[in-house]
Amino acid sequence: MKKITVTVLALMLTLVTSTSVFAATPGDGSKLDKRILKLEEKQQKIEEIKARNLEKQSKLATKKEGFEGFKLDLAEHKQEVLENRENNLGVVELNNQLRLTLAQKLEALKDSGSVIPEETTTQLKAYKAQIAELANSLKDTKGQIKDIREEYKGLIKEEDYAAMDTAFAEIASIQTNRLDILNQINSILQEMNNLL
């Protein structure tokens, strides 16, 4: 862009100076004055074009800086989503370990012929009902992230960065909600393991 502008300006200056030389013939005072006036007007227009060009360049630089900042924010949201996913996987892994430990304890009690006291059985059933309720809450959120990601693909094509940012914020919110539910389930499973 700058090369084209410089080339155009150089060409115009060459034309301006050569035209003024040809126009400056002796005995033409009024024509020379008109020519000088026209050249001054052209020079003024050139200065205005230069000023507009500089303004456009500064606006473009500002837009670029804003876009770069937005891209950084978007990258941070992506990172947050990935970290949340990693946290959720860790909690799910702990959940499975607690369930396995509970199942092994119940199997050991069954194999040994021991009878679980009625109070403990009642408490285990209450915990199981709480886990079922939390699991249903977890199922309600299942698929929401997938839907947002499908929508996100369209946003990439449209280059709608604000909507992408919102999509990542929604995903992070859903992940945080799921993490809370999973942690509640794990707490209950830990209590169940402690009862046995």
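Just for segment 126-161: of the residues that are without any contact (Cβ under 8 Å) to a residue 40 or more places away in the chain and of a type in the set (Gly, Ala, Ser), which one is farthest from Glu68 (Cα to Cα)?
Checked segment 126-161; the qualifying residue farthest from Glu68 (Cα to Cα) is Ala126.
Return only the number of the condition from (1) closer than 30 Å to Leu182 by Cα; (2) free of Cβ contacts under 8 Å to residues at least 12 places away in the same chain; (3) surrounded by 12 or more Cβ atoms within 10 Å (Cβ to Cβ) that His77 does not satisfy.
(2)
Every residue, every condition in (1) under 31 Å from the mean Cα position of the chain (by Cα); (2) in a helix (DSSP H, G or I); (3) at pLDDT 80 or above, yes or no:
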| site | (1), (2), (3) |
| --- | --- |
| Gly27 | no, no, no |
| Asp33 | no, yes, yes |
| Lys42 | no, yes, yes |
| Lys59 | yes, yes, no |
| Thr62 | yes, yes, no |
| Gly66 | yes, yes, no |
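Can you confirm whether segment 132-151 contains a residue that is of a type in the set (Val, Ile, Thr), surrounded by fewer than 16 Cβ atoms within 10 Å (Cβ to Cβ) and more than 22 Å from Ala75 (Cα to Cα)?
Our first condition is that a residue be of a type in the set (Val, Ile, Thr); within segment 132-151, this holds for 141, 145, 148.
Filter once more, so that each one left must be surrounded by fewer than 16 Cβ atoms within 10 Å (Cβ to Cβ): 141.
Those left that are additionally more than 22 Å from Ala75 (Cα to Cα): 141.
So far as segment 132-151 goes, yes, one or more of its residues are of a type in the set (Val, Ile, Thr), surrounded by fewer than 16 Cβ atoms within 10 Å (Cβ to Cβ) and more than 22 Å from Ala75 (Cα to Cα).
Name the single residue, out of those in segment 77-99 being charged (D, E, K, R) and at pLDDT 85 or above, that is farthest from Asn193 (Cα to Cα). Walk me through it before giving the result.
To start, the set of residues in segment 77-99 that are charged (D, E, K, R) comprises 78, 80, 83, 85-86, 93, 99.
Okay, now just the ones that are also at pLDDT 85 or above, so 80, 83, 85-86, 93, 99.
On the way: Glu80: 32, Glu83: 29, Arg85: 26, Glu86: 25, Glu93: 16, Arg99: 9 Å.
Ranking the candidates gives Glu80 first.
For the structure I just gave you, tell me whether Asp147 is among the charged types (D, E, K, R), out of contact with any Leu (no Cβ under 8 Å at 6 or more places or on another chain) and over 22 Å from Leu179 (Cα atoms).
Numbers: among the charged types (D, E, K, R): yes; out of contact with any Leu (no Cβ under 8 Å at 6 or more places or on another chain): yes; over 22 Å from Leu179 (Cα atoms): no.
Criteria not met by Asp147.
The values are calculated or read from the model by the stated rules, or taken from the named source; none is laboratory data. Everything numeric in this text was worked out from a predicted model, so none of it was measured. Ideal geometry is used to build each Cβ from the backbone, glycine not excepted, and the neighbour counts take in all protein chains shown.
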